[in-house]
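J.: Encoded as structure tokens, here's the structure I'll be asking about.
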Amino acid sequence: MEYIPQILFIVALAFSVWFFARNVGRLRRNILLGKDVDKTDNKPARLNKMIRVALGQSKMVTRPIAGFLHILIYVGFVIINIEVLEIILDGIFGTHRLFAFIGPVYDFLIGSFEILALLVLISVIFFWTRRNIMKIKRFWSKEMKGWPKNDANNILYFEVILMVLFLTMNATDYQLQMNGAEGYAEAGAFPVSQYLLPLFDGLSNSTLIAIERTAWWAHILGIFFFLNYLYYSKHLHILLAFPNVYYSKLTSNGQFAHNETVAKEVKMMMDPDADPYAMPEEDASDEVPEKFGASDATDLNWFQLLSAYTCTECGRCTSECPANQTGKKLSPRKIMMDTRDRLEEIGENINKNGEFKDDGKKLLDDYITREELWACTTCNACVEACPVGIDPLSIIMEMRQYLVMEESAAPMELNNAMTNIENNAAPWPYNQQDRLNWINEN
Amino acid sequence: MSENLKVPTMASMMAEDKKPEVLFWVGCAGSFDDRAKKITKAFVKILNNIGVDFAVLGTEESCTGDPAKRAGNEFLFQMQAATNIEVLNAYEIKKIVTTCPHCFNTIKNEYPALGGNYEVMHHTQFLKKLLDEGKLKVEGGQFKGKRITFHDPCYLGRANGEYEAPRELLRKLDVELVEMKSCKSRGLCCGAGGAQMFKDAEPGNKEVNIHRTEEALETKPEAIAAGCPFCNTMMTDGVKNKEKQDSIKVYDVVEMIAEAGDL
């Protein structure tokens with residue numbers, strides 16, 4: 001009988017880890033549905049950027065209030081996880097405060113966790129207020145209705161619940177320690193939860209133990225649940241921000257992706273010795289001609305798909321976007337959210353059918369409209385604004401390439417400009433022979 | 001008024017078996033747009049005045065392909081790029097300066113993958129270098145003490161991280177430099193990039209250039225400085241829309257330097 005809690009705990013832990021691993025597997029599979037792109041270069045520079053931007057949160061603080069509050073939650077989250085390790089070991093071995101033997105260091109750790117928990121709680125309340133009471137504009141855009149809106153609040157509620165449970169657990173533990181209850185040897189420091197003691201005033205040891213155990217169990221089961229909530233949530237960024245920054249673009253923002261397939265074709269066209277009637281090379285004969293650009297999520301590369309899962313929908317990109325600021329439909333955040341939604345749909349399709357069965361849908365038109373794509377000024381404000389290295393512009397460009405090179409569906413004025421470039425070497429209908437006329441004009 | 005601009009072409013230099021130090025890439029706007037041609041001339045006046053050894057491609061120059069690439073026409077872009085690179089490499093060009101941030105960005109960042117490797121500078125960077133070398137003298141002149149705000153071109157600033165060269169030049173002009181609420185890495189686009197210059201905007205509640213002009217006007221400037229022919233057009237239109245064209249002019253930084261130096 002005495003092993004029952006341990007067995008239950010191990011079952012809960014195993015299920016939570018198994019379910020999480022299953023979803024990580026799906027996540028990985030979905031991301032790898034994207035085209036290959038070589039990101040193995042410049043490892044030291046990538047590591048450096050990851051340390052600065054992801055670990056060091058350097059881009060978060062361009063908005064000082066949100067940045068500061070976020071750092072509190074981030075540090076709290078990372079450090080309080082040391083306590084979760086102890087809780088898990090206690091659960092497995094049926095011990096209580098296993099690490100207590102390290103003495104004063106333990107007191108210091110528990111004390112710091114408590115202070116961090118309080119700071120997290122305060123930050124979360126600020127975040128909730130900014131989102132729901134102050135109604136900061138970027139949290140109330142069109143794409144933030146329904147699940148995205150609820151998801152954001154769920155995370156905040158969850159963090160409140162976890163922190164309250166953590167502090168309740170500590171407060172009752174502290175009271176039991178002071179009462180000299182069996183199994184509650186003195187350990188830890190409780191700079192925050194000591195103020196909760198009046199709430200438990202006069203309760204018997206057995207009631208206190210019941211509350212302490214309930215809080216302990218609810219806290220750790222809550223963490224197991226939260227871990228598995230990640231895959232369905234924008235909160236995945238707590239894990240994916242790191243690889244996403246690592247693999248993000250290192251070259252200057254102005255350098256758009258190079259297309260080698262087109263380069264080969266152009267080279268052949270420019271080669272005076274090329275035989276236009278030549279038979280295709282043997283090994284090229286059964287190659288399917290590559291589609292230009294992207295009309296569906298799987299036409300994008302794996303880094304772009306990783307970014308779609310990384311996006312935490314903070315909306316900094318959208319709030320900096322000149323098109324969005326002037327009322328156009330384009331929202332870089334929506335580009336990322338749509339990409340993830342479509343990729344998830346494709347993933348679900350594969351889960352159900354074993355392989356992807358055509359569902360008659362695609363990212364273009366069913367999710368992202370042409371109007372959104374053509375509103376972009378390619379100004380890179382969204383790329384610059386993203387705290388985790390997401391490049392929504394690269395997806396817009398891929399989709400424009402599809403529209404122009406596969407469907408010849410550019411807006412008419414752009415077709416005129418492009419025809420001019422082709423014929424007169426300038427986007428306007430002027431003759432190339434007149435390019436120097438300015439010298440003699442007044 | 002005869003301005004006596006000395007603008008040698010690469011072809012004429014080649015005929016004399018000479019090679020210029022630097023190629024001035026004029027760009028389509030700089031060659032054909034009436035407003036931008038003034039920027040081109042202002043830059044040439046300064047080059048002539050200092051005696052910089054430069055040349056232009058003239059009728060051998062063609063669109064870099066920037067608008068085609070940003071519009072999604074990779075094929076047309078690469079055709080343009082290949083043609084230009086062939087010409088540039090035939091003349092063994094090593095250094096290029098241009099008054100257009102779009103040409104600057106494309107040649108600097110996107111030509112190398114296609115076999116075009118050059119040292120490329122925006123004209124504000126080039127002038128800043130001349131200033132540092134003591135070859136260019138910049139004096140306040142008529143702009144001394146004037147309240148000026150600088151609009152960052154996306155393809156100079158965010159795209160290539162150059163925020164200081166144009167500001168340094170403006171400070172040398174002794175102007176009172178005031179910043180807009182979104183500037184430098186957070187500078188708001190003028191609305192022309194990504195081939196938007198050549199099409200109507202999508203439906204919305206405002207034009208981007210009007211929005212940006214409002215930000216500029218909030219600083220109560222006596223003039224607006226820009227570093228891109230397209231930004232210049234957009235901001236000039238914005239100022240006209242606000243009926244401020246008589247009191248607030250939009251200049252390129254190089255025009256201010258030329259005017260201050262009575263060139």
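Throughout, read-outs are computed from the coordinates displayed, never taken from laboratory work. Since the model is a prediction, treat every value here as computed from it, not as a measurement. Because the Cβ atoms are built from the backbone with ideal geometry, glycine has one as well, and the counts that use them run over all protein chains shown.
J.: Return B:Leu136, A:Leu203 ranked ascending by Cβ neighbour count within 10 Å, so the fewest neighbours appear first.
T.: On the way: B:Leu136 21, A:Leu203 16.
In increasing order of surrounding Cβ atoms, one gets A:Leu203, B:Leu136.
J.: While we're on this one: Give, in nm to one decimal, the length gained when the segment between A:Glu441 and A:Lys135 is fully stretched (0.36 nm per residue of separation minus the Cα-Cα distance). Present the calculation step by step, with values, prior to reporting the outcome.
T.: On the way: separation 306, 0.36 × 306 = 110.16 nm, distance 5.63 nm.
Contour length minus the Cα-Cα distance gives 104.5 nm.
J.: How much net charge surrounds A:Ala410 when only the other residues with a Cβ under 11 Å from the Cβ of A:Ala410 are counted, with Lys and Arg +1 and Asp and Glu -1? Display every interim value, and only then the final one.
T.: Values: positive: A:Arg370, A:Arg400, B:Lys199; negative: A:Glu407, A:Glu413.
That works out to +1.
J.: Which links in B:Lys94/B:Lys172; A:Lys249/B:Lys6; A:Lys329/B:Lys41; A:Lys267/B:Lys128; A:Lys43/B:Lys206; B:Lys181/B:Lys244 stretch past 32 Å when you go from one Cα to the other? Walk me through the numbers before you get to the answer.
T.: Working: B:Lys94/B:Lys172 29 Å; A:Lys249/B:Lys6 43 Å; A:Lys329/B:Lys41 40 Å; A:Lys267/B:Lys128 38 Å; A:Lys43/B:Lys206 44 Å; B:Lys181/B:Lys244 20 Å.
The pairs that break the limit, which is 32 Å between Cα atoms, are A:Lys249/B:Lys6; A:Lys329/B:Lys41; A:Lys267/B:Lys128; A:Lys43/B:Lys206.
J.: About its Cα centre, what dipole magnitude does the protein assembly as shown give when the only charges are +1 on Lys and Arg Cβ and -1 on Asp and Glu Cβ, stated in debye to the nearest 20?
T.: On the way: 76 positive and 92 negative charges, 443 e Å.
Approximately 2120 debye in magnitude.
J.: Relative contact order of chain B, please, whole-number percent, based on alpha carbon pairs below 8 angstrom and at least 6 residues apart. Don't jump to the answer; show the numbers that get you there.
T.: Numbers: 444 pairs, mean separation 51.2, N = 263.
Worked out over chain B, it gives 19 percent.
J.: Another question about this same structure. Among the aspartates and glutamates, select those whose C-alpha is under 19 Å from the C-alpha of A:Lys352, and discard any that sit fewer than 8 residues away in the same chain.
T.: Partners found: A:Asp341, A:Glu344.
J.: Cβ under 9 Å from A:Gln255's Cβ, A:Gln255 left aside: what net charge do those residues give with Lys, Arg +1 and Asp, Glu -1? Before the final figure, lay out each step's value.
T.: Working: positive: A:Lys249, B:Lys108; negative: B:Glu110.
Residues close to A:Gln255 contribute a combined charge of +1.
J.: For a quick check of your reading of the filter: which trypsin sites (Lys or Arg not before Pro) in region B:132-168 sit in a DSSP loop and have no more than 14 other Cβ atoms within 10 Å? List each step's numbers first, then the result.
T.: On the way: sites: B:Lys135, B:Lys137, B:Lys144, B:Lys146, B:Arg147, B:Arg158, B:Arg167; in loops: B:Lys135, B:Lys137, B:Lys144, B:Lys146, B:Arg158.
Loop-located and lightly packed - B:Lys135, B:Lys137, B:Lys144.
J.: Right, next: What helices does chain A have that are whole DSSP H segments, at least 20 Å long along their own axis by Cα, and with mean Kyte-Doolittle hydropathy of 1.0 or more?
T.: Values: long enough: A:4-31 (40 Å, 0.94); A:64-93 (44 Å, 1.91); A:104-132 (42 Å, 1.26); A:147-179 (47 Å, 0.18); A:205-229 (35 Å, 0.77); A:332-353 (32 Å, -1.40).
Counting only whole DSSP H runs, the qualifying helices are A:64-93, A:104-132.
J.: I would also like to ask the following. Among the Cys residues of the protein assembly as shown, which have no other cysteine Cβ under 4.7 angstrom away?
T.: A:Cys311, A:Cys314, A:Cys321, A:Cys376, A:Cys386, B:Cys28, B:Cys63, B:Cys183
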